[in-house]
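K.L.:
Let me begin by handing over the structure; questions about it come next.
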Amino acid sequence: MSLLPELQEKVDNAGADGMQGLHHMILGPSPSGKTTQAREYVTALQDKGMQIGPMTFVNAADWKSWSDFQQLGDAFKKAKGGALVIDELEKASDQMLRSTVSQIMLATTNNDTLVIVTGQPSLTSLFQLDTELEKRMGKPVVLTHKLTRDEIEEYKVQQNAKDNARREEVLATQQRVAEWRDARDEDLRPRTTFTAPKTARFRKPQVTS
């Protein structure tokens, strides 16, 4: 699945400003590839050399109780320095939604976490309530095409191939590093030559008759 032009433009323009201006909201029906676009977007930024750590995924549909407030805070802490993808935000309760927006505002102020939000098009109403959020997250990208089952399966195959290729690349890099360290340690290992001390020859005494 190719990256949306709006997201690709952000990747192309990413630079010295760090994560500022890279946060985004991706909206659309289910399934339309919102989470896939989020994953591809973060990966493209990482491949470009942006200092963005691993991705953390949370789904608002899983927030059922008061303890989820703590889980939400923990998710932002875990994602610090990396990317946090919040799926299906429209399924959060009003209280969780307000708390999430507050956390997003904090993260996008510090610009220490790349925040990507996905959800239904109804989430556009958030911007009507909080214009500052739109300044931080940018104008939402709205997907209109529902993916077919074949398209989903094709993407899974492609994603597995990419994951395997990245895994092999990581293993190859680790092997090269290990070989380099072994060679370095060998070069630094002190070399001493042992010379056996000379011993006096023992002459057998002569016996005279």
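K.L.:
For labels at residue 109 and residue 95 in the simple 7 Å Cα→Cβ model, what's the distance in nm?
P.N.:
So the label points at residue 109 and residue 95 sit 2.3 nm apart.
K.L.:
Let me ask you something else. For region 32-98, compute Rh as the Kirkwood radius over C-alpha pairs and then the Stokes-Einstein diffusion coefficient at 4 °C and 1.567 mPa s; write the answer in µm²/s, rounded to an integer.
P.N.:
So the translational diffusion coefficient is about 101 µm²/s.
K.L.:
Shifting gears a bit: Would you order 188, 45 from fewest to most other beta-carbon atoms within 10 Å of each residue's own beta-carbon? Display every interim value, and only then the final one.
P.N.:
Numbers: 188 7, 45 20.
Result, fewest neighbours first: 188, 45.
K.L.:
Can you pull out the trypsin sites (Lys or Arg not before Pro) in region 33-74 whose DSSP state is coil and whose Cβ has at most 10 other Cβ atoms within 10 Å?
P.N.:
Listed in order of number, the matching sites are 64.
K.L.:
Which pairs, out of 64/135; 10/34; 91/139; 10/91, put more than 23 Å between their alpha-carbon atoms?
P.N.:
Cα-Cα > 23 Å for 64/135; 10/91; rest within.
K.L.:
In Å, what Kirkwood hydrodynamic radius results for region 95-137 from the alpha-carbon pair distances?
P.N.:
Numbers: mean 1/r = 0.0922 Å⁻¹.
Final number for the Kirkwood radius of region 95-137 is 10.8 Å.
K.L.:
Next question, about the same structure. So what's the net charge close to residue 113: Lys and Arg +1, Asp and Glu -1, counting the other residues with Cβ under 14 Å from its Cβ?
P.N.:
It works out to a net charge of +2.
K.L.:
Right, something else. For the pair residue 62 and residue 175, what calculated FRET efficiency results from E = 1/(1 + (r/R0)^6), where r is the Cβ-Cβ distance and R0 = 35 Å, to the nearest 0.05?
P.N.:
The pair residue 175/residue 62 has a calculated efficiency of 0.35.
K.L.:
Turning to a different aspect of this structure: Decide, for region 1-127, between rounded, prolate and oblate: order the square roots of the alpha carbon gyration tensor eigenvalues as a ≥ b ≥ c, take rounded if a/c falls under 1.5, and otherwise choose prolate if a/b is larger than b/c, else oblate.
P.N.:
Verdict is oblate for region 1-127.
Bear in mind that the values in this text are calculations on the coordinates, not laboratory data. Please read these numbers as outputs of a predicted model, since none were measured by experiment. Don't worry about glycine lacking a Cβ; one is built from the backbone with ideal geometry, like all the others, and counts go over all protein chains shown.
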